[in-house]
Amino acid sequence: MSPTLAEIRIALEGRLAEEHVELTFHAWITAEEVADPEAGYFVPAPGGVPAPRIVLYRTHVQHPGNELDELLTLAHEFGHYRSFAAGQRTKKYEAVLDPRDAWPTRSTEERQLILDEEARAWIYARSELDALGFMDWAAFDKREVESLHQYRLRLNLGLRGRPW
Ligand SMILES: [Zn+2]
């Protein structure tokens, strides 16, 4: 029998704990309100100090909202951690990431670094969830495609290879 989403969530949080990644929630905010294509974010060293942290946006801090949506967001943010831990978030990438307002002024190559990191985080997320027995790949694929689409728009990169 496949594990439930709740069981997968617990196991995924266990992986965060093993890696000493903090998980916190930012309430009274939604992804739309911060104009962010993700409902959370990853910081390697908040304020310059480890531990790495994942922040998830919630309308109410005690309520996860949609269980599947939040699991996908958490897996994606943990994917950013995996990329960081593997040394794939280069200094060059970190240098162009903030501030977001400056993205339009970045070179195509620099903007591509941001998109590449997003795609990489989804690859890691897929691998993590697969290892935990996750089965709803249609929902995963939809979220991945939509999120990368949003990034392509924001980064003014072509929508090549996409079905719409
Ligand atoms: Zn991301």
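Brief remarks on what is shown
- The single residue among L68, L74, L115 that is over 30 Å from E7 (Cα atoms) and among the hydrophobic types (A, V, I, L, M, F, W, C) turns out to be L115.
- Residue list for the stretch 105-133, filter: within 18 Å of R15 (Cα to Cα) and more than 17 Å from the chain's Cα centre (by Cα): A131, L132, G133
- Here the helices (runs of 4 or more DSSP H) wholly within the stretch 1-110 that include at least 2 residues being away from the ligand (no atom under 15 Å from the Cβ) and closer than 27 Å to G158 by Cα are 91-97.
- Count of the stretch 111-123 residues which are surrounded by 20 or more Cβ atoms within 10 Å (Cβ to Cβ), in contact (Cβ under 8 Å) with a residue 40 or more places away in the chain and either within 14 Å of the ligand (Cβ to nearest atom) or not in a helix (DSSP H, G or I) (or both): 2
- Residue check for L56: modelled with pLDDT under 95 and buried (at least 17 other Cβ atoms within 10 Å of the Cβ): yes
The values are calculated or read from the model by the stated rules, or taken from the named source; none is laboratory data. Keep in mind that what you see is a predicted model, and the values were worked out from it rather than measured. Counting neighbours? That spans all protein chains shown, and the Cβs are built from the backbone with ideal geometry, glycine included.
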